[in-house]
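The values are calculated or read from the model by the stated rules, or taken from the named source; none is laboratory data. Because the structure is a prediction, the values reported are computed rather than measured. Reconstructed Cβ throughout: ideal geometry from the backbone, glycine too, with neighbour counts over all protein chains shown. Note: areas computed on protein heavy atoms with side chains; ligands, DNA, RNA excluded. Shrake-Rupley method; radii C 1.70, N 1.55, O 1.52, S 1.80 Å.
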Amino acid sequence: MHRALRGSRMVTVAGGEGHGVYGAGSRADEAANTYLTTGRLPARDLTCRTPG
């Protein structure tokens, strides 16, 4: 799907489980919050680790 959506960014949380990783305190939260408040996507695809 990511490839089909031109201009999209993939945000991956390594070690996360399923789609319910938002709010876990990873850098993915920061990317999601920025997008939701400003509409700005990360400059490139992003892979984060789960905290802890």
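Here are some notes:
- Accessible surface of the chain [probe 1.4 Å, protein heavy atoms]: carbon and sulfur percent: 51 percent
- The length gained on full extension between residue 44 and residue 17, counted as 0.36 nm times the residue separation minus their Cα-Cα distance, comes to 7.5 nm.
- Per residue, in Å², the accessible surface of the chain once ligands and nucleic acids are set aside, probe 1.4 Å: 83 Å²
- Protection proxy ranking, highest mean first, for peptides 20-31, 5-16: 20-31, 5-16, where packing is the per-residue count of other beta-carbon atoms within 10 Å, averaged.
- Dmax and Rg, reported as Rg then Dmax, of the chain (C-alpha, Å): 11.1, 34
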